[in-house]
Amino acid sequence: MTITNLKQVEEYLPELGYAPSFEKNLRASIRKSAEIYKTELERIPADLAEFDRKWGRGRVRHVPAPFREADKFRTWRKHNRMVLRRLSGASVPPVLGTEWSTLLAFVKENQGPGKLLGANSHLTFGVLARTASAAGVRPAEITDDWVNRVAVGLETSQRKSLRRGIARFNAIIAKRTCRPEMEHLLPVKEVAQPVALRPAGNRWLRSAGHPGARVLWTEFDEIIARKKHGEDAPLAGAPVQFKSNSEKSYAESLNWLLGGLVAEDLIEDGADLAEVITHANLVTAINYWITARRARGQSIKTSTLHNHVSRLVHLATTYLDLAPREADRLRKLRKKPTVRTVSVGKMSQTREDWIKEFDLDPAKQERAHRLPEDLMARAERVLAKERAGKRLRPIEMMDALRAGVAATIAAILFRASPVRSANLRTLRMRGEGAEFDLTAFERDKRLAELRLSIPGEQVKNETHIDEIADDDLAPVLTWYLQEIRPRLVSAHPFNKPYTDSDYLFPSTTDRPMERSNFSEMFRRACLEVNFVMTMHQARHVCAYWILSVDPNAWDEAAALLGDNELTVRKYYAWMNKRRASQAGRAKLQQARKGVRKHRPGAFDNAA
């Protein structure tokens, strides 16, 4: 039987070997496809490649209509794709050998807090067990050579899981004498991890500690010290003129140049800055960067290249003793069209397109206002189950905690101050110099005033932020401090408790939440309520709301963003253009109406 559409897939479903209870779920997802495609099942092709092209694979970046939540779309897509894969003859998971099944059962019994293996060890050990079973290799036959051969053909995520699975396997081997009944199943010695496939690191990075780079980095540090404290020797307690973030940016630009030169084998040990930052070397690094970006299918029309080149040219022309002709060539280089692309000094095209779409979508604007409450409701659905004594999967609770963190982030951005993510992530709620002191608020939530105060030296453009939050931030913050943060600290669903530090958004250490984890929590939680937005886009939303109420409130928008008025005018000038266009259309309509009006005649009919 040739299956060509989803109606035939539904009829053939009992023949695919799924358990009856799971088959019921698959059938429901297949039938829902008629609603998604807005046509009958007979007209929907049973083509796996076409399905992947239309709905994608892996991370969900957009929730299509009519789905309202990402998890429902993810479940529907997974069920349909699972059936189509099996129909297309894709390989099914191998049946585990008897010995591997015995070891996997042992792993499940001995994983978790206080036991031999960490939580969820059966997942990564299962990767090793399935890979070996597919190759017909018994546990006792696992060798270093076999591991290296197998690892080469795996994708990155599978390779990482295999490495963790081998670590669990070695933990069992190390305790073999304590389990005589399992000793015959295991190799004589522990198995080595597969050889790393990553390329050799750049030894010219400061962190590599390469002796040949000592001259270069010593000279760099001397220049940074002069930028920080001027030409005079540093004085104790003197104000710093050059922030640590700027120092980090200059170091990243130098690393960028060194990476290009190392790739082209154009640098020698003992080189100083004057020998490294030259016109010829910069051209080489630029061409290498452009070639690499194009090979990866990435755009070269970004401000990254201009930022790197501008910093390096500034270092060379200001602090190095260059020949006049070389200095002139460097200054001209950063103005080249290849370096100074149309994106330099402008809002990125992606962000501009997003806020313009936001301007045309009143429903999305309304949802942005109630985003904190929507995220709270998403979390409360799960927390209510826990209070009722229902059993929850760890991933369900983690989704709820993620939504709680995102609700607090959105509430602070929209109801206190649209600060940058770096400042938001590092907010301290107690202790000396806390930027968002909640000590009084926690004692009496009725009387305390929520004030956000961030010193200028911590802000990107050195503008001091001092804002009093709106009243409707307090309920969200109270809920977060009572329901979400305590669970992150003492009841983490994956047994990775966070530290109860002074930071509003804690991590597993005494430092603030990691940058990537912080951004990912917000992105994924917003996606679960079908609202695609980054934290930086929230700044654009705040400016948009101000200017949509008062088109001339440029200084108010700039003050709220902690930016200068010229930048705000440059980024949001399109709002004036659109408003002028709308006014022009209104005048055209008025002119058309005027044409049809009665006018007294001027014809003189006198005889």
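The values are calculated or read from the model by the stated rules, or taken from the named source; none is laboratory data. Computed from a predicted structure; not experimentally measured. We place every Cβ from the backbone using ideal geometry, glycine too, and count neighbours over all the protein chains shown. Surface areas here come from the heavy atoms of the whole protein model, side chains and all, with no ligands, DNA or RNA. Shrake-Rupley method; radii C 1.70, N 1.55, O 1.52, S 1.80 Å.
Just a few scattered comments:
- Selection status of E252, modelled with pLDDT of 80 or more, more than 22 Å from L305 (Cα to Cα) and not assigned by the TED database to the domain that holds N461: no
- For the stretch 446-475, the set of residues classified as among the acidic types (D, E) and surrounded by 15 or more Cβ atoms within 10 Å (Cβ to Cβ) consists of E467 only.
- Residue match in the stretch 338-350 (condition: at pLDDT below 85 and assigned to a helix (DSSP H, G or I)): yes
- Unmet criterion (only one of (1) exposed (fewer than 14 other Cβ atoms within 10 Å of the Cβ); (2) over 36 Å from the mean Cα position of the chain (by Cα); (3) over 22 Å from G97 (Cα atoms)) for A140: (3)
- Some residue of the stretch 203-222 being in a loop (DSSP other than H, G, I, E, B), in contact with a His (Cβ under 6 Å, 6 or more places away or on another chain) and open to solvent by 20 Å² or more (accessible area, probe 1.4 Å): yes
- Some residue of the stretch 275-286 being modelled with pLDDT under 90 and open to solvent by less than 40 Å² (accessible area, probe 1.4 Å): no
- Residue, nearest to the chain's Cα centre (by Cα), within the stretch 499-540, restricted to residues that are among the acidic types (D, E) and closer than 26 Å to K364 by Cβ: E520
- The set of residues in the stretch 18-44 that are over 33 Å from the mean Cα position of the chain (by Cα), touching a residue at least 24 places away in the same chain (Cβ under 8 Å) and loosely packed, with under 13 Cβ neighbours inside 10 Å comprises E40, E42, R43.
- Only one entry in T439, T426 is open to solvent by less than 50 Å² (accessible area, probe 1.4 Å) and either at pLDDT 95 or above or not acidic (D, E) (or both), namely T426.
- Matching entry among G17, G58 (being over 29 Å from R524 (Cβ atoms), of a type outside the set (K, R) and not assigned by the TED database to the domain that holds E528): G17
- Test: residue in the stretch 384-392 that is at pLDDT 90 or above, part of a helix (DSSP H, G or I), more than 25 Å from M535 (Cα to Cα) and open to solvent by 90 Å² or more (accessible area, probe 1.4 Å): yes
- Lone qualifier among Y480, Y544 - being open to solvent by less than 20 Å² (accessible area, probe 1.4 Å), more than 30 Å from F73 (Cα to Cα) and assigned by the TED database to the domain that holds S453: Y544
- E190 vs. criteria farther than 30 Å from G58 by Cβ and part of a helix (DSSP H, G or I): no
- Given (1) modelled with pLDDT of 95 or more; (2) not in a helix (DSSP H, G or I), number of the condition A379 does not satisfy: (2)
- Residue match in the stretch 477-493 (condition: in contact (Cβ under 8 Å) with a residue 24 or more places away in the chain and of a type in the set (V, I, T)): yes
- The residues in the stretch 410-426 that are more than 15 Å from the chain's Cα centre (by Cα) and assigned to a helix (DSSP H, G or I) can be counted, and the count is 8.
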